[in-house]
Amino acid sequence: MVKKGVGITITEHIITQQRMNPEATGAFTSLLNELVVAAKIISREVNKAGLVDILGATGKTNVYEEQVQKLDIFAHQVIVNRMKHLGQLWCMASEEDPDLIEIPSQFPKGNYILFFDPLDGSSNIDVNISIGTIFGIYRRPESNSTEPLLSEILQPGIKQVAAGYFIYGSSTIMVYTTGNGTGVHGFTLFPSIGEFLLSHENIRIPEQGRTYSVNEGNYEYWDEKVKEVVDYFKRPDKETGRPYTSRYVGSLVADFHRNLLKGGIFMYPADKKDPKKPEGKLRLMAEANPLAFVVKEAGGYASDGKGAILEIEPQSLHQRVPLFIGSRRDVMMVEAYLSGKIEKPDLKAV
Ligand code: P6P
């Protein structure tokens, strides 16, 4: 019997995408491929974290005064070390670094900008819940500057040329898109051959879900309209498929990935819990924008409750934003209600 091939590798897929783009120079392909190498290294450490002393907090805190887990730092350093010498990046920005990460002078600079959250969901590391790496890639705008300027870096999410994530769970999966109708594709890591193989071709998120994901422990800190939205999803109504099921892992990549495949809405609203985080906990540039780019390409939508996440003009590197993301009909309804376009939450109104 002739053994089947191993299937389509991520490397092959990226090159095929490159060939579809006549101006492609291969720079972007080498950038994505190096990110894949970084993810393989992170995946190996995440999957053996229980066995060696790499678990547990470092005693340090990051720019958000969050306990930084050792794997957070490891993942951050792996990505920076792999990407800095490539010659494809103008600069980088990481959730784990308050400042822009410049390319050391001994390496050539390139024309792409990489935003990343090296290990999102890190509070779940010690309890073996899926965590992930999120990335968004922009092109450096035309300019005569010789050094990266924040004004060049802070672009709306719609300007991304690629975005995606790696989820380190029961298996390691990469999901990415280059936008412009190229689709959203998922690849599963086969440790036995050390390759990501195409496993989820052209992912489309259901127009409407049956799941809502939100931390209801924050209920008393939400404004009244957000409370009404969450109560709406819980209220029985056959015609609109309610009550929805509640699913909340507390790891953005895990919650997002489930909703992307099965449909649903993830919400992290603004809340009054922490005066330092009036816009909620999630960050625009390294979390909301990349996932908004992916979900849009898969037929879904992402909103801050007033408008599209991808249209937001960023004001700072680490700004936070309320996030409603997932199945188009669900998110559009929430945005229509929160922005006053409809009088009450009603899926039949969108
Ligand atoms: P809460 C993990 O710390 C994270 O940044 C996201 O991955 C996740 O969606 C969110 O925070 C969970 O926050 O406040 O519900 O524990």
Open item on the list: Checking the structure you have, find out if any residue of segment 75-87 is of a type in the set (A, V, I, L, M, F, W, C), open to solvent by 10 Å² or more (accessible area, probe 1.4 Å) and in contact (Cβ under 8 Å) with a residue 40 or more places away in the chain.
Closed with: yes
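Within segment 100-129, work out how many residues are more than 16 Å from the ligand (Cβ to nearest atom), touching a strand residue (DSSP E or B) at 6+ places or on another chain (Cβ under 8 Å) and assigned to a loop (DSSP other than H, G, I, E, B). Before the answer, list the steps.
Initial filter on segment 100-129 (more than 16 Å from the ligand (Cβ to nearest atom)): 100-114.
When the remaining residues are screened for being touching a strand residue (DSSP E or B) at 6+ places or on another chain (Cβ under 8 Å), the result is 100-103, 109-114.
Now restrict to residues that are assigned to a loop (DSSP other than H, G, I, E, B): 100, 103, 109-111.
Here the count works out to 5.
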Task: Hits in segment 227-241 - residues which are open to solvent by less than 10 Å² (accessible area, probe 1.4 Å), farther than 30 Å from residue 168 by Cβ and either within 16 Å of the ligand (Cβ to nearest atom) or out of contact with any strand residue (DSSP E or B) (no Cβ under 8 Å at 6 or more places or on another chain) (or both) - done: 240
Task: Condition check for residue 293: within 18 Å of residue 134 (Cα to Cα) and in contact with a Phe, Trp or Tyr (Cβ under 7 Å, 6 or more places away or on another chain) - done: no
Task: Hits in segment 277-300 - residues which are open to solvent by 10 Å² or more (accessible area, probe 1.4 Å) and touching a Lys or Arg at 6+ places or on another chain (Cβ under 8 Å) - done: 277, 278, 279, 281, 282, 283, 299
Open item on the list: Only one of 274, 255 is within 16 Å of the ligand (Cβ to nearest atom) and surrounded by fewer than 22 Cβ atoms within 10 Å (Cβ to Cβ). Can you tell me which?
Closed with: 274
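Among the listed residues 137, 158, which satisfies the condition of being among the β-branched types (Val, Ile, Thr), surrounded by fewer than 18 Cβ atoms within 10 Å (Cβ to Cβ), closer than 18 Å to residue 312 by Cα and more than 16 Å from the ligand (Cβ to nearest atom)? Steps first, please.
Working: 137 fails: surrounded by fewer than 18 Cβ atoms within 10 Å (Cβ to Cβ).
Matching residue, one of 137, 158: 158.
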Task: Which listed residue is more than 25 Å from residue 290 (Cα to Cα) and either more than 16 Å from the ligand (Cβ to nearest atom) or surrounded by 17 or more Cβ atoms within 10 Å (Cβ to Cβ) (or both), from 268, 244, 219, 212 - done: 244
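Going by what's in this entry, would residue 289 be described as over 19 Å from residue 335 (Cβ atoms) and not in a loop (DSSP other than H, G, I, E, B)?
Numbers: over 19 Å from residue 335 (Cβ atoms): no; not in a loop (DSSP other than H, G, I, E, B): yes.
Against the criterion (over 19 Å from residue 335 (Cβ atoms) and not in a loop (DSSP other than H, G, I, E, B)), residue 289 does not qualify.
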Open item on the list: So, in segment 9-43, how many residues would count as being of a type in the set (Gly, Ala, Ser), more than 22 Å from the chain's Cα centre (by Cα) and under 28 Å from residue 76 (Cβ atoms)?
Closed with: 2
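Working only within segment 325-334, note down all residues that are open to solvent by less than 10 Å² (accessible area, probe 1.4 Å) and either out of contact with any strand residue (DSSP E or B) (no Cβ under 8 Å at 6 or more places or on another chain) or without any contact (Cβ under 8 Å) to a residue 60 or more places away in the chain (or both). Explain how you work it out, then say what you get.
Filtering segment 325-334 down to residues open to solvent by less than 10 Å² (accessible area, probe 1.4 Å) leaves 325-327, 330-331, 333-334.
333 - this is the single residue of segment 325-334 that is open to solvent by less than 10 Å² (accessible area, probe 1.4 Å) and either out of contact with any strand residue (DSSP E or B) (no Cβ under 8 Å at 6 or more places or on another chain) or without any contact (Cβ under 8 Å) to a residue 60 or more places away in the chain (or both).
The values are calculated or read from the model by the stated rules, or taken from the named source; none is laboratory data. No experiment lies behind these values; they were computed from the predicted model shown. Backbone-built Cβ (ideal geometry, glycine too); neighbour counts: all protein chains shown. Ligands, DNA and RNA are stripped out before the accessible areas are found, and what is left, the full protein with its side chains, is counted by its heavy atoms. Shrake-Rupley method; radii C 1.70, N 1.55, O 1.52, S 1.80 Å.
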